[in-house]
There are 2 protein chains.
Amino acid sequence: MRHILEVLSEGSDILTNALDRYLNIIVNQTLPKTRVKPQENVSEPWKTNKNFVGYLDTLDIILMEPCKHRELPDALMTEQYVLNITSEHAVNKLSAQTVWGILRGLETFLQLLYPTADEALHINCTSIFDYPRYQHRGVLVDTRHYIPVSKLLKMLDALSYNKLNVFHWHITDDQSFLYISKTYPELSQQGAYLLTYVYTQQDVAQIINYAAARGIRVIAEFDTSGHTRSWGEAFPELLSPCYRNNVPTGQYGLVDPTNNFTYEFMENLLTEVVDVFPDNVLHLGADEVEFECWQSNPGITAFMQTYNISSYVKLKSYYIQKIIDMSDKLNVTSIVWEEVFTNGVTNSGFQTLLSSCWYLDNLSGGGDGTKYYDCEPTDFNGNDEQKKLVIGGEACMWGEVVNEYNIESRMWPTASAAAEKLWSVKGVDPSSQAGHRLEEHTCRMNKRGIGTQPPNGPGFCEL
Amino acid sequence: MRHILEVLSEGSDILTNALDRYLNIIVNQTLPKTRVKPQENVSEPWKTNKNFVGYLDTLDIILMEPCKHRELPDALMTEQYVLNITSEHAVNKLSAQTVWGILRGLETFLQLLYPTADEALHINCTSIFDYPRYQHRGVLVDTRHYIPVSKLLKMLDALSYNKLNVFHWHITDDQSFLYISKTYPELSQQGAYLLTYVYTQQDVAQIINYAAARGIRVIAEFDTSGHTRSWGEAFPELLSPCYRNNVPTGQYGLVDPTNNFTYEFMENLLTEVVDVFPDNVLHLGADEVEFECWQSNPGITAFMQTYNISSYVKLKSYYIQKIIDMSDKLNVTSIVWEEVFTNGVTNSGFQTLLSSCWYLDNLSGGGDGTKYYDCEPTDFNGNDEQKKLVIGGEACMWGEVVNEYNIESRMWPTASAAAEKLWSVKGVDPSSQAGHRLEEHTCRMNKRGIGTQPPNGPGFCEL
């Protein structure tokens, strides 16, 4: 390959940056001693190989619809691309309607390059028309231990190497509130582990921009009505006091759904969040709610009688529905965890994301990366209409036992298996045959600086 | 603390280096902005604290038996020490018979220092007489994926922070032979994953010296008769050919115990190993033996008939006993895995190491560090005499799913629990109360650069 990447069409910053980035990977990380440009006095042993048809001098990048919109990926982005690698004198090109398709095609192009012992980079002639099976291909990352921004940026690189397009940021939980709110700075001042274990507005903007440059959406999750202990550090009135024998215990439970302050607060906070996180999807959480505290609280009981709410599940529905309505008014689409659906809060007909079989914290012994291939997003009881409502899925890196030191090796290459299942056509490869490919992709990530656990047990990467 | 460590007695290199090392940790890693020496114009708010009795100006280090022997730790080393921290005008001292005791006492001294918000380092007055419950306190590290030397050195640092004194190096296995033998260089040339995934003589010497400087013995394990597939790459005649219907299948099984070459080879190799690894203990492995291949081999059957060996277990015993005898002649003590004992190979009355409840690869969800406190080395059916034969234990980091990227976070702080159980008196603390201490020690290791997984789930380290 003499000259590597040449842009024909009007470029965009995202495209220019992506070309720089991938050129750097080719030069520095694909083959340790790659000669990008053969020198005059160096032999070219590959020329005698009967399969040699010529040098790939140029790859034309053709962006068919150059950047009409502001350059942020969204739920409707098109990612398809066409990649043609032909013999020497024909045109080698990567074309796509959108910059997002070019990004995916560049990743494929790099994955097709293979170094050989003669220190050349080879690529086979090929013609590829490719697009993802699912629109929403994400990872949930729970940062409750505080994961440094530099680690999150590196994780976004890894997402792009796996053609994942959603970073679902679980940015608050019982133990820590990590987002510095402009409206309510007390939330992190009092709810974070430390004043340094937080994400500033600048951090968030940097992460959103870095993700966008890689075709990755950032979807924030501000999880209520449970998992809000840290919110209560600054705003105890947000939470429902717990009682024993009609006397307050000093403990707090779920968000207090009877209090006007709760809804004013949530509206102010979500208004800010929708402004700061430009994606038009917002995650409202609503998982794992324990009702004991509500049950003990006489004010809650009175409220339920007044409003004729016959169960605590319905009281949760009452609260969540108000938050969903709030999100609707803010012109964002809301996502909630499945139990809101199974508890009857939402109506059927909603779009669905699969994550339950891709919980990365279920590590068992490790070296079991291929088991994540056994997860098929449409394997549930439902008719074709219902299965069409599945728009994708997420690999979930819950954070109870994950910190800055082990998050990278625990996520990869396990999340790669989910990524491939979400991109490729159904049933493309059973888990029994995926091991070698996962091994190869792991080595590719290692060369690019991503520290992985071993995908399948013993094994090694060729240098 | 005005002047920190001052050596009174005749120093040794080990002592001098340890003082440099620990002084560096105090200055750079114990408190981010510690003022080692208060400046004239800086207020000293701690002086008004009613518990303030003065500065710790000097810690005298008293080595009572200065370095009579060559300075390598061994199975009989003494590690006890006395540490006195008193009020300002009395003598503050750390004394021990041996340099190994000084090393352990220095670690304790550092652990007693605690930073406070006023940016001072504090220490409480105390008087400590301390020594380990068990002589042998180790970790097994299985390097089959190849762990870079720099990572192993860092691991030795971590061992010293936990007062562990044995690095049991599982340096060969089925998949790779990582030691470059002077006698049989073909072993790693053909049996390693890559020619760069090996440990040179210089690497081994560096590791042994680095360990010795921290009071850590390096015990090599050259595991036979199973787990030797990699040995067979260069020396197939070492292994027993497998047969089907009396025809060789081309596969190889366990070491061939009928072949004189096997014993000549092992004698040459072990003679070298005993020379390269100065510790007078050698691990011979002998675990997890599958007999199918021996059973299929007519030569093995004929040999057993000739020598009146009535079972495959006894044939294994025949082989292992010859290797143990070989080790005896080389004047080293041999260690074998427990099943050799339970299979009746060795006689009773042998010293015992516990490891079964400290297998670090049994991770389950993680965040379960305290469960390793539930392991008591004498909790087995046996009389007092038998229990006295327990000389210690090892936390085992088996390597199937562990590589350079996840070994550190998977080992720590889990191995710290085993380390404390092996040092402290029996029953000192149940697992239910160990969590906070494990958390504190994890933060201490983090500050010193050791990347750990979270010990107990959510939580954080004060900076």
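Structure values in brief
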quantity	calculated
Fraction of antiparallel bridges per DSSP, the protein assembly as shown only, in percent to nearest 5	30 percent
Nm distances between copies for A:Gln80, ranked from closest, using label points 7 Å along Cα→Cβ	8.0
FRET efficiency, 1/(1 + (r/R0)^6) with R0 35 Å, evaluated for B:Asp20 and B:Asp361 via beta carbons	0.50
Distance from region B:195-260 to region B:267-345 (C-alpha centre basis), Å	13 Å
Charge sum, other residues only, whose C-beta stays under 12 Å from A:Asp223's C-beta, Lys/Arg counted +1 and Asp/Glu -1	-4
Peptide B:449-457, shielding by other chains (average Cβ, 10 Å cutoff)	4
Size of region B:167-225 as Cα extents on the principal axes (Å, biggest first)	34, 24, 19
Computed label-point distance, nm, for sites A:Glu462 and B:Gln295 using a 7 Å Cα→Cβ extension	3.9 nm
Qualifying trypsin sites (Lys or Arg not before Pro) in region A:114-183, DSSP loop, other Cβ atoms within 10 Å at most 13	A:Lys182
Residues whose placed amide H lies under 5 Å from that of A:Leu282, excluding near-sequence neighbours	A:Thr333, A:Ser334, A:Ile335
Rg ratio (alpha-carbon, reference 2.2 N^0.38 Å) - region B:120-260	1.39
Förster radius 25 Å - calculated FRET efficiency between A:Val27 and B:Leu195, Cβ distance, rounded to 0.05	0.50
For A:Glu440, inter-copy label distances in nm, listed shortest first [label point 7 Å out on the Cα-Cβ vector]	5.3
Convex hull volume of the protein assembly as shown per residue (C-alpha atoms, cubic angstrom)	239 Å³
10 Å Cβ shell holding at most 16 others, DSSP loop, chymotrypsin sites (Phe, Trp or Tyr not before Pro): longest site-free stretch of chain A	A:56-290
Nm distances between copies for A:Tyr55, ranked from closest, using label points 7 Å along Cα→Cβ	7.0
FRET efficiency, 1/(1 + (r/R0)^6) with R0 51 Å, evaluated for A:Gln135 and B:Glu44 via beta carbons	0.20
Translational D in µm²/s for region B:199-273 (Stokes-Einstein at 10 °C, 1.306 mPa s, Kirkwood Rh from C-alpha pairs)	109 µm²/s
Extension gain (nm, one decimal) between B:Lys182 and B:Glu385, 0.36 nm per residue minus Cα-Cα	68.8 nm
Around B:Leu422: net Lys/Arg minus Asp/Glu count, Cβ-Cβ under 10 Å	+2
Under 10 Å, Cβ to Cβ, from B:Ser355 - net charge with Lys/Arg +1 and Asp/Glu -1	-2
Shielding by partners - mean other protein chain Cβ count within 10 Å, residues of A:402-412	6
Å² per residue, accessible surface of the protein assembly as shown at 1.4 Å	43 Å²
Over chain A, equivalent-ellipsoid semi-axes from the Cα gyration tensor in Å	47, 21, 21
Filter on A:Lys314/A:Lys387; A:Lys154/B:Lys371; B:Lys314/B:Lys426; A:Lys151/A:Lys329 - keep pairs with C-alpha separation over 30 Å	A:Lys154/B:Lys371; B:Lys314/B:Lys426; A:Lys151/A:Lys329
Theoretical gain in end-to-end length, A:Glu65 to A:Thr78 [0.36 nm per residue, Cα-Cα removed]	3.6 nm
Computed [θ] at 222 nm, helices only, for the protein assembly as shown once each DSSP H run of length n ≥ 4 contributes -39500 (n - 2.57)	-10000 deg cm²/dmol
Interface size B-A, as summed buried accessible area [1.4 Å probe, Å², nearest 100]	2500 Å²
Share antiparallel - DSSP beta bridges, chain B, percent rounded to 5	30 percent
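The values are calculated or read from the model by the stated rules, or taken from the named source; none is laboratory data. If you're wondering where the values come from, they're calculated on a predicted model, not measured in any experiment. Every residue, glycine among them, receives a Cβ derived from its backbone with ideal geometry; neighbour counts consider all protein chains shown. Accessible surface areas use protein heavy atoms only, side chains included; no ligands, DNA or RNA. Shrake-Rupley method; radii C 1.70, N 1.55, O 1.52, S 1.80 Å.
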